[in-house]
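No lab work stands behind these numbers, since they all come straight from the coordinates. In this text, all values refer to a predicted model and were calculated from it rather than measured experimentally. Using ideal geometry, Cβ is built from the backbone for each residue, glycine included, and neighbour counts are taken over all protein chains shown.
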Amino acid sequence: MKYTSTRNARLSVEASHAIARGISAEGGLFVPCELPTVTPDWIRELAPLSYIERAVRVLALFLTDFSSEELIHAAEAAYSQGRFEDDRPAPLADLSDGRVVLELWHGPTCAFKDMALQLMPHLMAPAACRALDGKKMMILVATSGDTGKAALEGFCDAEGVKIAVFYPDAGVSPMQRLQMTTQKGENVEVFAIKGNFDSAQSEVKRIFTDPTVIGELARHDTVLSSANSINWGRLVPQIVYYFSAYADLLADGALAGGEEINFVVPTGNFGNILAGYYAKRMGLPVGRLVCASNRNDILADFLRSGVYDANRPFHTTLSPSMDILISSNLERLLFELCGRDDKTVADLMERLASARRYEVDGALSERMREIFWGGSVDDARCQREIRTVFERLGYLIDPHTAVAMGVCDDYRAATGDKRKCVVVSTASPYKFAAAVLEALGETRPKDEFEAAVLLSRRTATEIPAPVAALENAKIRFTRLLTPGEMPGAVAAFALK
Ligand SMILES: *Cc1c(COP(=O)(O)O)cnc(C)c1O
C-alpha cells in the first residue's frame, strides 16, 4: 500500500518514507492511498489473540513494505518485556452502566501516548534504513505535556537519532514537567517555550519547511522527522486498540458479532479519535465517535457549525493535554470527507494559517455530523465527574477521562442512543494527583508527591511506579526559549 499527501494527492510513497519523514515536503500530512477494509470474520478472529498478535494483524494491513519479522519484532519490543504494567496493555474496565472504560495509561509514562510511542521507534529504525540512505535523524516534538515524555522515553539512546522536545512553560502539569526535565539519555534535549502549545506546534511545523534550518542540518547529514501525531507512525498503532477493545468485548461475550458500539474520546490534536475513524472506515462496527473537549471547545463548535475559528481565547484547564486550538489531524479528516481533494484541503489550511479561521461546505459538515458528535465540559464539571464516578462507581479517573465521562453523559441524554459506549481513558489519575485529590474534596497539597501519597490512601489505589520514581530524579533541562529561538536551538543541537 502506498501513501499520499493531503496537500498533494499526486504523491505516492511507501510507508517507510511517510514514517521516516513525518510530514510531506509541501506541508501536507501523509495518508494511505486507500484504506484497507476487513470482514466481520477477520474481526472475530482477533478475539482469542493477544494484544501483540492483534497489533501485528492491523499493522500488516498498513505497513506493507515492512517484513512480518519487522512488525512482530516491533510489537513484541513495544508491548511485552515489562514495558507495560500488565500483559494486557489496553485493558477494559466495565462500569456496569452501559459504559466501559478503555485504559490506555499502563505504559512507562502513564498516558495513552505510550501506546504509539513505545512502538514507533521500532518502526522508525527500519523505515530510516530504507528511506534515508544512511542519514542521521533529528526528531522534533511539540508537546502539550504527554507526547514529549512518551517520545523521549521511546527514542532515548536510539541509534542515529536525536530528539528535541518543546513544551509550553506555563501549560503542563508539575508531574508532566518533571517527567520531561529529568529525562535520561545522551541524544535528548528538552526546552520550555514562552507561549502556549499552539505556538510551539506551529513553530515546529514551520521549521520542517524552513530552508535555512534544513540546509544547516543537511551539512551535518541530518534530516528532520516528527514524533507528533502528524506522523503516520503515531496513528497506525492507535488504530489497533479500537479493534482490540472490540475484540475484548467479543471475547467476554459482552457484544453480539456485528453489534455497534460508540467511542467517546478526550480530544486535543484529533489524533486519537482519528484512529477510531479509520477503524470505523475499515469495517469495525462503530456507531458514533464522540469528541470530548474541555473549555477549549473549538472542535465541538466546528462539528456543530462547520466553522473552525481559532480566534478565541486560549484557556489553561485541569486537562492540559487537551488545551489546543489548532488540531493538526483534522486535516486528515477533511481530506477524507471532501473526496480526497488536495486543492480544497490546501486552501482550507492556507486560510487557517492566514486568518485562523475556515468554513467547510454544508455537505461536508453534514457528513461529519453523521459520524461525530462533539461536546465540552468546563473544569467545575470535570471535577464533579471525578468525584461522582469515584463515589458512585468506585472508579478513579484523571481529568482528561473525566471530560470524556461528562460528554458521554451529555451525548446519551441529548440523543437517547442506547448503544454501549467505550470511554477512552488517556492518563493515569496520578499524573494529575493534586487536581484529582482536590476534585475529591480534599485540600490540595503544594507538593505533587505528597498529593500522590494522599490520593493513594484516600482511594486505596496504587501509585504507578514511574510516578513514584520521579521524586528523586535529577533535573537536567532548564532552558526557556521564545518560539523565535527554536530554529537556532535545533541547529545547535544538530552540531552537538
Ligand atoms: C494527548 C492527550 C489527549 C489528546 O489526544 P489527541 O490525540 O491529541 O486528540 C488527551 N488526553 C491525554 C491524557 C493526552 O495525553
Checklist entry - To the nearest 20 debye, what is the magnitude of the charge dipole of segment 297-390 about its Cα centre, counting +1 on the Cβ of each Lys and Arg and -1 on the Cβ of each Asp and Glu? => result 220
Checklist entry - Tell me, in nm to one decimal, what length is gained between Ser50 and Arg304 on full extension, where the rule is 0.36 nm per residue of separation less the Cα-Cα distance? => result 87.6 nm
Checklist outcome for this item: Taking r as the C-beta separation of Ala353 and Arg444 and R0 as 56 Å, the FRET efficiency to the nearest 0.05 is 0.90
Checklist entry - Leaving out same-chain residues fewer than 8 places away, which aspartates and glutamates sit with a Cα under 13 Å from that of Lys184? => result Glu153, Asp157
Checklist outcome for this item: Using the Kirkwood radius over Cα pairs of segment 377-432, the Stokes-Einstein translational diffusion coefficient at 25 °C and 0.890 mPa s, in µm²/s and rounded to a whole number, is 212
Item to check | Listed pairs Lys149/Lys420; Lys343/Lys418; Lys2/Lys431; Lys2/Lys496; Lys136/Lys343; Lys474/Lys496 exceeding 29 Å between Cα atoms | outcome: Lys149/Lys420; Lys343/Lys418; Lys2/Lys431; Lys2/Lys496; Lys136/Lys343
Next on the checklist: What are the extents of the Cα atoms of segment 311-444 along their three principal axes, in Å, largest first?
Outcome noted: 53, 35, 21
Checklist entry - Counting other Cβ atoms within 10 Å of each Cβ, which chymotrypsin sites (Phe, Trp or Tyr not before Pro) in segment 218-263 have at most 16 and sit in a DSSP loop? => result none
Next on the checklist: Among DSSP bridges having both ends in the chain, what percentage is antiparallel? Round to the nearest 5.
Outcome noted: 25
Next on the checklist: Give the average over all directions of the projected area of the C-alpha convex hull of the chain, one decimal, in nm².
Outcome noted: 20.9
Checklist entry - Over all distinct alpha-carbon pairs, what is the Kirkwood Rh of segment 1-135 in angstrom? => result 16.5
Item to check | Burial order of peptide ranges 426-437, 25-36 (average beta-carbon count within 10 Å, highest first) | outcome: 426-437, 25-36
Checklist outcome for this item: About its Cα centre, the chain carries a charge dipole, from +1 on Lys and Arg Cβ atoms and -1 on Asp and Glu Cβ atoms, whose size in debye to the nearest 20 is 640
Checklist entry - Hey, what number do you get for the chain at 222 nm if only DSSP H runs of n ≥ 4 count, each worth -39500 (n - 2.57), divided across all residues, to the nearest 500? => result -13500 deg cm²/dmol
